[in-house]
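S.K.: Questions regarding the structure given below will be posed in turn.
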Amino acid sequence: TGAERATTGRSPQARNGIRGDQPYGAPQLDVPYQLNTNENPYAPSDTVIATIAADVASAATTLNRYPDRDFTALRHDLADFLRSESSVALDPAQIWAANGSNEVMLHILQAFGGPGRTALAFTPAYAMYSEYARDTLTEWTTIARRDDFTIDLDAAATQLPELAPAVIFLTSPNNPTGTALAPGELRAILDIARDLDIDGGPALVVVDEAYAEFRREGTPSALELLADYPNLIVTRTMSKAFALAGGRLGYLAASREIVDTLRIVRLPYHLSSITQAVARAALKHRDELLSQVAALRAERDALVTWLRGLTVNGEPMTVAQSDANFVFFGKFEDRHAVWQGLLDQGVLIRESGPEGWLRVTVGNREEMTAFKNALVKELGL
Ligand code: PMP
């Protein structure tokens, strides 16, 4: 048949740079304890479900029409949320959103990266940044963090002018390490970026605050620097603290000029009416949803303390300080064996970052007990 002929004939080849690559993604395995993608363990309550269902039903009455392309009401609600969370007043015109902060960052590189331009991150960093660069034909480069995962500002001061990146990704709290940037570090990078000359403008600094709501008391958000730096973008997501990973809603705050530029590259109507309704419904319940953040922070701190008390091969376990909802620990001679040993006991965590390290998402009490028991057994402690 024709179909059979098609499968035996020559296949079109993907372009250079894509050919042979594997799709990104952590394994989605059906195991009792899924602690590998930094999801929030708390499913929506009946109250939240009821609001989402009612608001989606209301949005469904006009599904024959395209959604509000500029998601005006949602931008208003997000600005309102940031004002209450970080005490930073923003105009809704300074907010941009898309299907997860993944798409927000793709928009950023579609507009500010591209052929002839470079994007940069301080590694270890979130693995997707290099993929947004690949997908937008942007050159990709990195500067290594120190062994304790802090940023070497002297190295940054000499290398950034040489590398001349158009876009610099800073992640705080960082994934996979969990460590937060000190405010002085962020300002130092912003100052260097401001002095670079990228087609007559400064370099853009993107502070990825996907996990910002989990930061400890007293750590400021980069949102506070928006008024001082027109070259700053702060991205956030509803996937983590808001426990809305399935809703796919990420957003950013920046100058109006930057947001207006992003509007040029987005697909028309990229945020469905349903997505907008779900996100707004969740925002109505922000007090309830964010109250669970405190419990997760407490579980995180307890987990860090517990892990630091363990000894592996005669050495105390190394555990990175975490301002996020996950913990980075090691170092193991054979991390894959430890990962597999936990998985065999129904606990799925993540092999991430430099060789020897593992990352575990902070879950509820039961999940943490299961993780600890499995680790003790695996390490023969
Ligand atoms: N940034 C960081 C640092 C992340 O860890 C993640 C998700 N793992 C994202 C962005 C993307 O999240 P989402 O697309 O769900 O908003």
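S.K.: I'm told Glu162 meets every condition in (1) without any contact (Cβ under 8 Å) to a residue 60 or more places away in the chain; (2) in a strand (DSSP E or B) except one. Can you identify the failing condition by its number?
M.R.: So Glu162 meets the others, but not (2).
S.K.: Looking at Glu299, Glu288 in this structure, which one is of a type in the set (D, E, K, R) and modelled with pLDDT under 95? Write out each step before concluding.
M.R.: Numbers: Glu299 fails: modelled with pLDDT under 95.
Only one candidate qualifies: Glu288.
S.K.: From the list Ala127, Ala182, Ala157, which one is modelled with pLDDT of 95 or more and either over 16 Å from Ser101 (Cβ atoms) or within 15 Å of the ligand (Cβ to nearest atom) (or both)?
M.R.: Values: Ala127 fails: modelled with pLDDT of 95 or more; Ala182 fails: modelled with pLDDT of 95 or more.
Matching residue, one of Ala127, Ala182, Ala157: Ala157.
S.K.: Let me ask something else. I'd like to verify a number: residues in the range 217-250 that are within 10 Å of the ligand (Cβ to nearest atom), in contact (Cβ under 8 Å) with a residue 60 or more places away in the chain and either more than 16 Å from Ala97 (Cα to Cα) or not hydrophobic (A, V, I, L, M, F, W, C) (or both), how many?
M.R.: Final tally of qualifying residues: 7.
S.K.: Another question about this same structure. Please work out if Val167 is within 16 Å of the ligand (Cβ to nearest atom) and free of Cβ contacts under 8 Å to residues at least 40 places away in the same chain.
M.R.: no
S.K.: Would you mind stating whether Arg308 is outside the structural domain of Glu209 (by TED's automatic domain parsing), at pLDDT 95 or above and within 18 Å of the chain's Cα centre (by Cα)? Talk me through it step by step, then tell me what you get.
M.R.: Details: outside the structural domain of Glu209 (by TED's automatic domain parsing): yes; at pLDDT 95 or above: yes; within 18 Å of the chain's Cα centre (by Cα): no.
In short, no.
S.K.: Can you confirm whether the range 228-243 contains a residue that is surrounded by 16 or more Cβ atoms within 10 Å (Cβ to Cβ), of a type in the set (Val, Ile, Thr) and within 30 Å of Ala57 (Cβ to Cβ)?
M.R.: yes
S.K.: Could you check, for the range 195-209, whether at least one of its residues is within 19 Å of Leu78 (Cα to Cα), in contact (Cβ under 8 Å) with a residue 12 or more places away in the chain, in contact with a Phe, Trp or Tyr (Cβ under 8 Å, 6 or more places away or on another chain) and not β-branched (Val, Ile, Thr)?
M.R.: Looking through the range 195-209, at least one residue is within 19 Å of Leu78 (Cα to Cα), in contact (Cβ under 8 Å) with a residue 12 or more places away in the chain, in contact with a Phe, Trp or Tyr (Cβ under 8 Å, 6 or more places away or on another chain) and not β-branched (Val, Ile, Thr).
S.K.: Still on this structure, I have one more. Got a number for residues in the range 54-69 being within 30 Å of the chain's Cα centre (by Cα), surrounded by fewer than 15 Cβ atoms within 10 Å (Cβ to Cβ) and closer than 22 Å to Arg266 by Cα?
M.R.: 3
The values are calculated or read from the model by the stated rules, or taken from the named source; none is laboratory data. Owing to the predicted nature of the structure, the values given are computational and were not obtained by experimental measurement. Methodologically, a virtual Cβ is constructed for each residue, glycine included, from the backbone with ideal geometry; neighbour enumeration extends over all protein chains shown.
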